Amino acid sequence: MEHTGEAVPIAELLDERRHLLEVARWILGSRIAAEGVLDEAYRRWFGLSDRQRARVVPRAWLTEAVGAICLGRPAPADRQPEAHRSPQGTGCPGTAVEEEAGAVLMRALESLTPAERTAFVLDDVVGEPPDTAAGIVGRSEPECTEPADRARRGLRAREARPISPHRHEQIVRSVRRACADGDSGRLSSLLAPDVTAFFDGGGKVRALTRPVDGAERVARNLLTMFASHPRTTLHTHSVNGRTGLVARYNDEVAAVVTFDVAGARVVLVWVVLNPDKLRSWNDPRPSGA
């Protein structure tokens, strides 16, 4: 059962999504229709409260939801099974390096909930006072200022303590080794005390929906997500021009992780789990295309 506020191993996330997709495909006979059903099922899942989610077995609940959604939809007229494609996802290997400050802010915005993103834009871009933003998004003033503060903090740290690409790569490789060894102490030592991790599941896998703060909590969630499994691998890879991590389950890219590093420690972690955003990693265009 999923623990509220804790990450889920990627092996579990992918097995669950594949299972649900097969159930929907079997009922509807169409992968495209099945993916739409999964989107709706995960929307319903994230619509539950933390207390409601804690009382159910996620895979069983989602399977029941998929069945109910399929039964409420007409089957496609042709019901012809479609050619198999790898699950879809973002981030393309070898894309151009983004401008540093913009990259931090853009990734932050993409990782926030709609309400948090609205609050951030109103506060930091438009310049509305915090109480105005809070009233618009229906959040308390501290809840509205936290996302903006987090993004600014990471940007300030990067500007104050820039590091070379080589040093960045060394630190990321150390993070990979600590994750592979399951070494919580070593991993925590590589993270800043106020490090923040974002988990972008896009509402399409059971990823965390809230940022995780603090070295110990971030380390624990990363180790849980990349827990040792015979079919799970974790390697360094160039991501947007800098060294990041790519996690695979079997031959499928399940997560792409990038890091913002200041001095000798990681200050921000960005974990992309959204299968739509991983499309270019799992379904590359043919050579010469």
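The values are calculated or read from the model by the stated rules, or taken from the named source; none is laboratory data. Keep in mind that this is a model prediction, so the values were computed, not measured. Note that we place each Cβ from the backbone using ideal geometry, even for glycine, and neighbour counts take in every protein chain shown.
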Original post:
List the pairs whose first member sits in region 148-177 and is within 15 Å of Ser189 (Cβ to Cβ), whose second member is modelled with pLDDT of 65 or more and not hydroxyl-bearing (Ser, Thr, Tyr), and whose Cβ atoms are under 6 Å apart, counting only residues at least 6 apart or on separate chains?
Top reply: Ile171/Val261; Val172/Phe259; Ser174/Leu190; Val175/Leu190; Arg176/Leu234; Arg176/Leu245
**OP:** Tell me which residues, restricted to region 227-254, are surrounded by fewer than 18 Cβ atoms within 10 Å (Cβ to Cβ) and among the β-branched types (Val, Ile, Thr).
**Re:** Thr233, Thr236
Original post:
Can you spot a residue in region 211-230 that is modelled with pLDDT under 90, under 17 Å from the mean Cα position of the chain (by Cα) and closer than 14 Å to Leu268 by Cα?
Top reply: yes
Original post:
Consider Glu159 against the criteria (1) under 26 Å from Ser280 (Cα atoms); (2) modelled with pLDDT under 90: it satisfies all of them except one. Which criterion is unmet?
Top reply: (1)
